[in-house]
Amino acid sequence: MRFYQQHMITEARNKLNNVFGFEDFRPLQEDIISNVMDEKDTLVIMPTGGGKSLCYQIPALLFDGLTVVVSPLISLMKDQVEQLRQYDIPAIYLNSSLTDEEYEYNIQRLKDKKVKMLYLAPETLLMERTLNLLDDQNVDLFTIDEAHCISEWGHDFRPDYRELTTVRDRFPNATCMALTATATPRVRQDIKEVLEFEDSDTFLASFDRKNLFLKVADKEDPLEQTLDFLYTRKKQSGIIYCFSRKQVEELFVELKKAGHSVKPYHAGLSKRLRNRNQELFIRDDVSIIVATIAFGMGIDKPNVRFVMHYDMPKNIESYYQQIGRAGRDGLRSDCLLLYSRSDKQKIQYFINQKEGKEKEVAEKHLKDLMKFLETDECRRVPLMKYFGETYEKDDCGMCDNCLSVDAEVEDLTVQAQKMLSCISRTDEEFDAYYIADILRGSTKHKVLENGHDELSTYNIGNEWAKEHWILLARLMVKQGYLHTEEEADALHITKQGQAVLSGKENVFGVLDRTDTVVDDESMDRTTAEVEQNYDNDLFEQLEAKRKELADQQSVPPYAIFPDTTLMEMAYYYPQSKDNLMPIYGVGSVKLKKYGTDFLKIINKYCRANDVEENSEALKEKREKLQEYGEPYQRIGKEYNAGKSIEHLAEQFGVKDVTIIKHLKKYLKEGNQIRPEGIVKVSSLSHRKREEVMDIMDEVPTHMLRKIYTELDKSVSYSELRIIQLYYMAMNKK
Ligand code: ADP
Ligand code: ZN
């Protein structure tokens, strides 16, 4: 037991690296996992995409017994279980969607103690037969996901959730964990009260989603604006929210007509059709969903690249929830909101129908939203303020206001001529993406195969990023210099375009550069580097493989690998299993399952294109994984060299308990620490200390709660933690 405990943090890290294939914990994850492993009830409040699941999945793997996860939505349960199975983690779910046989089969596996994680709908858990079944199980962790459903103040209160508090008493040995992405302080407080959680066991992450680019534009010609927006986002997954069903249907038809891969979603469609459209989206069979706010609840798709509001949202909260569905995987994602006065009047009209308190609240919501829409400063300032956070930086680098590159009319004639000439030389057979590739001297297979590297227009357009060229093409289509056939993307030159080519006419226009500028500073640097420079051709081949594997198993592609994994593969070009291992999202199980499939593609691609593995960078990446020289290591060493805990606390500007935590971690990694110095910060009498240590002889030291009760609560947790460390340090000698 002691061995297990001492190596807990190392073990948690091992699981992170080897099972999930991630390099480092996200903010708070490690603290949360430590807290849970200390068997303390834990409340986690983290925005969507913050990485909540890992906070209970890793403890689930480390605990001996069963982890029960209560989740309100069947689709989410299924999705999670599918993903866990990809890691060979024995997870099952019980809910009404299972056939009798499946249900029985799952129950049998549970009885045979073959299950590590059990997902349940609250109503299933509350059934007597389920509870009886669990009585015979050793439940170590009881997890309540989407915990805001407990609160009557929340938008999706579920009476069943309230009853979970009683169920909790039925597993006295289980640590209880509640998680939510709810942003309202009121609901947070309510959860804490209902579940009786301590403040010290509440972990609140920042609600700033750094990877979301926020933009608000005046709604002038919404259809055109939408088509513009989609033009540079070919094949990307995205959601477009509309106010009404009618608007959804209309926009859907228009986008379909323009050749986009799109499906509608709203409450007026049959349940079957809605499910189907949602599934097509999740499986990457369809790129865009046009929807009312009915869409999104059961969606965990990590690679949603954009969320657009065709109509104005009702309030900041729903806006934040909806854009929150973008970029769960941490990659840059775009949020565009089209704002018009008449939309505002529509909302005002609905508010006017209300009365009293309700009306007052709605008025306030609208006012807050207007602050966000009309601000000249960083959009994150009013947004975060709404959620009770102060945004400290004055330039986020990821909103339209911070990046406002003056939108002035420019003379674009020179670039237009380059583009027209390139289109003409390739017989008007290609789309803007391909033309941009030629202009920028791409060495893509298709370009070389077609011999287009021999053209005089090859490599004459390096002054602009690829996206700029694509935007220019779009602008020239709109101004009538180019045209495209419906449902086809090849660019044709019009008569007016000929005039530009022969120098008789000039092209003027505004290119919206906020669409293409990325501020490296605001993003994690390494991610931004990979994100912007990966090999798109190889990426597409890997993507096709992923889709094939996913379809074979009827799972969504992201369950095989997230986009980041494929991007890193297409950046580092790893050519051996050893070098595949440090790639994001590649752990030992997935390496075994899919390594060969993907390596084959990379190897072949590298041979065909004369590309080499990026061995140096891969080596660095691997080394980084191994060392992680962190504060606790420094603290451990300095402490052993003779510095006192108080001294270190001052030096690092933290409290004593934090130093104790670091020392514990250092110890658990297999290092020794001096026991003498620890007792000095304890205020317990010698006799009391002995009493605690006697109990620790009987009860494993990590079961603090048990020790606490055995002592009739006479010693505080913070004192216990000191003695715990002392005890561990003594026994290590
Ligand atoms: P939430 O439930 O908070 O919305 P998820 O648990 O779904 O977030 O995590 C969002 C995404 O981030 C997932 O694709 C997950 O695999 C990934 N992720 C979580 N933790 C890490 C980490 N430490 N390093 C890298 N990726 C992570
Ligand atoms: Zn900003």
Revision key, fill the gap. Residues of the range 626-648 being buried (at least 16 other Cβ atoms within 10 Å of the Cβ) and either modelled with pLDDT under 80 or in the same structural domain as residue 539 (by TED's automatic domain parsing) (or both), in sequence order, are 632, 633
Check your understanding: Looking at 44, 68, which is the one that is over 16 Å from residue 328 (Cα atoms) and either charged (D, E, K, R) or more than 11 Å from ligand 1 (Cβ to nearest atom) (or both)?
Key -> 68
Practice item. Could you please let me know if residue 473 is of a type outside the set (Val, Ile, Thr) and either crowded, with 20+ Cβ neighbours inside 10 Å or not assigned by TED's automatic domain parsing to the domain that holds residue 416 (or both)? Key: yes
Check your understanding: Regarding residue 59, is this residue surrounded by fewer than 19 Cβ atoms within 10 Å (Cβ to Cβ), more than 16 Å from ligand 2 (Cβ to nearest atom) and at negative phi?
Key -> no
Review point. Does residue 160 satisfy being in a loop (DSSP other than H, G, I, E, B) and at negative phi?
Key: no
**Study point:** Any hit, the range 588-600, residues being within 25 Å of residue 10 (Cβ to Cβ), outside the structural domain of residue 662 (by TED's automatic domain parsing) and touching a Pro at 6+ places or on another chain (Cβ under 6 Å)
**Key:** no
Practice item. Would you kindly identify the strands (runs of 3 or more DSSP E) lying entirely within the range 173-286 that contain at least 2 residues that are within 16 Å of ligand 2 (Cβ to nearest atom), under 21 Å from residue 306 (Cα atoms) and not assigned by TED's automatic domain parsing to the domain that holds residue 37? Key: 212-218
Exercise for review: Out of the residues in the range 700-733 that are surrounded by 14 or more Cβ atoms within 10 Å (Cβ to Cβ) and assigned to a loop (DSSP other than H, G, I, E, B), state the one that is farthest from the chain's Cα centre (by Cα).
Suggested key: 711
**Study point:** Residue count, the range 557-604 (criterion: crowded, with 20+ Cβ neighbours inside 10 Å, within 28 Å of residue 279 (Cα to Cα) and among the hydrophobic types (A, V, I, L, M, F, W, C))
**Key:** 9
Check your understanding: In the range 476-512, how many are more than 39 Å from the chain's Cα centre (by Cα), surrounded by fewer than 19 Cβ atoms within 10 Å (Cβ to Cβ) and assigned to a strand (DSSP E or B)?
Key -> 2
Review point. Using beta carbons and a limit of 6 Å, which pairs, at least six apart or on different chains, have the first residue in the range 369-390 and within 14 Å of residue 217 (Cα to Cα) and the second one within 13 Å of ligand 2 (Cβ to nearest atom) and not polar (S, T, N, Q)?
Key: 372/382; 372/383; 373/216; 375/382; 379/214; 379/399
Review point. Residues of the range 665-699 being in contact (Cβ under 8 Å) with a residue 12 or more places away in the chain, part of a loop (DSSP other than H, G, I, E, B) and of a type in the set (A, V, I, L, M, F, W, C), which ones?
Key: 673, 681, 684
Review point. Does residue 693 qualify as being at pLDDT below 85 and either within 39 Å of the chain's Cα centre (by Cα) or not assigned by TED's automatic domain parsing to the domain that holds residue 40 (or both)?
Key: no
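Given 566, 580, 549, 538, which one is closer than 17 Å to residue 82 by Cα and in contact with a helix residue (DSSP H, G or I) (Cβ under 8 Å, 6 or more places away or on another chain)?
Testing whether each residue is closer than 17 Å to residue 82 by Cα and in contact with a helix residue (DSSP H, G or I) (Cβ under 8 Å, 6 or more places away or on another chain) leaves just 549.
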Review point. Given the structure, is residue 414 aliphatic (A, V, I, L, M), surrounded by fewer than 19 Cβ atoms within 10 Å (Cβ to Cβ), more than 14 Å from ligand 2 (Cβ to nearest atom) and touching a residue at least 60 places away in the same chain (Cβ under 8 Å)?
Key: no
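The values are calculated or read from the model by the stated rules, or taken from the named source; none is laboratory data. Given the structure is predicted, the values throughout are model-derived calculations rather than measurements. Please note: Cβ atoms are built from the backbone with ideal geometry, for glycine as well, and neighbour counts cover all protein chains shown.
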